[in-house]
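Below is one structure, written out as structure tokens; comments come after it.
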Amino acid sequence: MIGSEIFMNSIISGANNIYKNRIHVNELNVFPVPDGDTGTNMSMTILEVAKKFENIKPESVTLSEAANILSYISLRNARGNSGVILSLILKGFKDAFKNIEKASPKDFIKALELGTKNAYEAVSKPTEGTILTVVRYSYEEGCAAIKESGNEPNNMNKIWERVCSGAKKALFNTPELLPILKKSGVVDAGGKGLCLILDGMMSFFKNGVIVNRKDSEEVEKNKFEKIVSNFDQVINFTYCTELIIEKSLKISSLNIDKYKENLKKIGDCVVLVEDDEIIKVHVHTNKPHEVMESALNIGNMLNVKIENMEEQRKKSLEMSSAKMTHEIKSSPEYKIAKPEKTFGILAVVSGKGLIEIFKNLGVDEVVEGGQTLNPSAGEIASAAQSIPAENIFILPNNQNIMLSSKQAKEFVKDRKLIVMPSKTIPQGISACMAFDENTTKTQNINFMTQAINSVKTGIVTYAEKDAEFNNLKIKKNDIIALNCDRFVLTGNDSYDIVVKLVDLMITKKSEFVTLIYGEKIVADNLKSVERKILDKHPKIQLQIFYGGSEIYHFIVSVE
């Protein structure tokens with residue numbers, strides 16, 4: 001039977017495993033736009049639990065109490081949709097271990113069952129081919145293992161191996177369930193993160209070994225890039241080919257050695273850096289197709305990059321270290337305020353100009369965050385409690401912050417939190433303008449929701465990777481435009497792209513257009529943008545504001 005010590009150490013090991021592999025998980029993002037990284041969000045969600053467990057004497061807590069700590073801290077630190085879903089999966093341990101001192105293998109499988117139920121219920125439209133599928137398969141495989149092997153304590157290793165195996169089978173199948181994954185040649189990032197946690201737990205169950213938290217990812221990344229950069233001085237082959245291979249369960253070192261020898265025959269500057277999960281490959285060759293074909297004998301390809309070194313050598317060197325994990329900023333300190341007024345507004349916003357805009361619109365508190373910086377449920381809850389109001393409207397202003405905003409309600413009992421469905425900055429601004437402090441809560445919800453639904457949002461940003469969407473071929477660092485989350489334009493000039501985007505978004509009923517420009521935009525160039533838009537649409541009322549976003553060149557609102 002498993003008590004608090006083994007349980008806590010297994011969670012520490014699982015947390016360490018996803019933390020040290022978070023960059024691999026981040027790289028599975030299928031969309032080319034800058035994004036809140038799944039690996040970072042999931043690792044930050046569970047890592048605080050590990051740190052807490054490391055400072056607790058096992059004999060001082062029961063198994064049930066340890067599971068409660070796991071649930072509370074992970075829920076409070078949940079970041080992004082992936083982090084919230086992970087926290088709900090982990091809540092299954094709290095539900096399953098209630099009032100028990102020792103857990104059997106069956107209790108652990110029950111925890112996965114309840115965690116699966118929590119996760120599916122949290123998502124309004126559950127999508128298969130995601131972390132949901134992976135956790136469900138892990139539970140189902142665990143159930144089958146219990147039936148075959150029994151519920152004896154000494155069967156825990158065998159049963160948890162089946163849990164991990166079921167999760168990996170589901171993970172490898174995610175591209176068959178989600179066409180976008182298959183098209184991009186990757187597996188689901190959230191599912192991969194969960195597999196890493198389960199594998200980390202297995203390390204302790206099986207061998208009593210806690211996975212080292214040392215960030216070997218960065219060490220290997222730096223080592224890999226240092227070696228690669230030394231090769232770019234002399235070009236003997238045209239194509240610099242890099243890829244990440246996720247090892248097949250049955251692969252052997254002989255297969256890998258054979259693969260490396262084949263690479264040497266068709267190219268030079270061959271580098272293979274591997275760990276237990278993946279192999280990073282770099283080779284200069286004139287036959288990149290052969291590199292990829294032979295890679296499939298080892299496992300699934302996660303990321304592939306092929307560059308013509310004659311044309312892109314300088315650009316390649318400049319960008320070699322650009323894709324780093326977005327670091328989570330330390331949370332500000334909030335003081336709990338006693339409710340003194342009826343309504344308050346909290347907005348999640350990033351960028352100096354945007355923060356000022358929301359403050360000028362009457363927002364009481366701003367939590368800094370957005371597309372690439374997802375605040376935790378705990379941060380949102382603490383910020384809400386600093387507002388001296390009985391009812392607080394929360395404006396997430398980003399799809400990836402919706403779940404953590406809703407989760408924040410679990411931690412605030414002395415006032416009412418109302419999460420509005422604002423998924424973009426323009427929607428949040430419109431909601432603020434529709435708010436009326438002199439009316440009722442219900443009327444404000446209706447007014448703000450109507451305002452949110454009346455706004456069309458477009459963005460102009462840059463591509464972080466090569467991709468193809470809606471028949472648009474996108475190259476890394478291209479300027480790209482999205483109209484209501486749909487890729488519509490690509491080019492190399494933000495000013496030209498935003499004019500074309502506005503033209504696509506405007507209809508006969510459109511009256512107002514707002515451009516919010518980012519940190520990388522030169523204000524003096526906006527006069528030309530304004531003139532071109534108004535020349536073509538003279539009846540439109542156009543406003544231009546500084547937002548200061550580091551990732552969005554322009555945010556466009558059409559009403």
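What follows draws every value from the coordinates through simple rules; no lab data is involved. As the structure is a computational prediction, the values presented were derived from the model and not from experiment. Counting neighbours? That spans all protein chains shown, and the Cβs are built from the backbone with ideal geometry, glycine included.
Among beta bridges identified by DSSP and lying wholly in the chain, the antiparallel ones come to about 70 percent. Among 383-391, 194-202, the peptide with the highest mean count of other Cβ atoms within 10 Å heads the list, and the full ranking is 194-202, 383-391. Cα centroids of segment 447-511 and segment 170-217: 33 Å apart. Take every Cα pair under 8 Å whose residues are at least 6 apart in sequence, average their separation, divide by the length of segment 4-207, and the relative contact order is 27 percent. For the peptides 130-140, 74-84, the ranking by packing is 74-84, 130-140, with the highest mean count of neighbouring Cβ atoms within 10 Å listed first.
So for the chain, averaging the separation of alpha carbon pairs under 8 Å that are six or more residues apart and normalising by length, what relative contact order in percent results?
Details: 1130 pairs, mean separation 71.5, N = 559.
13 percent.
Taking packing as the residue-averaged number of other Cβ atoms within 10 angstrom, the listed peptides 284-290, 260-266 run from highest to lowest as 284-290, 260-266. Dividing the helix sum by the residues of the chain, where each DSSP H run of 4 or more adds -39500 (n - 2.57), gives a mean residue ellipticity at 222 nm of -15500 deg cm²/dmol. Among the chymotrypsin sites (Phe, Trp or Tyr not before Pro) found in segment 1-92, not one is both in a DSSP coil and sparsely packed, with 10 or fewer other Cβ atoms within 10 Å of its Cβ. Rounded to the nearest 20 debye, the dipole size of the chain about its Cα centre is 660 debye, using +1 on the Cβ of Lys and Arg and -1 on the Cβ of Asp and Glu. For the residue pair Lys413 and Asn360, what label-to-label distance in nm results when each label sits 7 Å from Cα along the Cα-to-beta-carbon direction? For the pair Lys413/Asn360, the computed spacing is 4.2 nm. For segment 480-559, trypsin sites (Lys or Arg not before Pro) meeting the loop criterion (DSSP other than H, G, I, E, B) and having at most 16 other Cβ atoms within 10 Å: Lys508, Lys509, Lys520, Lys539. Taking amide H atoms as placed 1.01 Å from N in the peptide plane, the amide H of Glu390 lies under 5 Å from those of Glu340, Lys341, Thr342, Phe343, each 5 or more residues away in sequence or on another chain.
The amide H of Gly299, built 1.01 Å from its N in the peptide plane, has Ser248 as neighbours under 5 Å, considering only residues 5 or more places off or on other chains. Taking the DSSP beta bridges with both ends in segment 341-453, the antiparallel portion is around 0 percent. Evaluated with a Cβ-only charge set (Lys, Arg +1; Asp, Glu -1), segment 1-117 carries a dipole of roughly 160 debye about its Cα centre, given to the nearest 20.
Stretching the chain fully between Asn286 and Tyr334 yields a gain of 11.5 nm (0.36 nm per residue, less the alpha carbon separation). With a threshold of 31 Å on the Cα-Cα distance, the over-threshold entries among Lys147/Lys260; Lys169/Lys465; Lys475/Lys532; Lys51/Lys413; Lys51/Lys341; Lys91/Lys305 are Lys147/Lys260; Lys51/Lys341; Lys91/Lys305.
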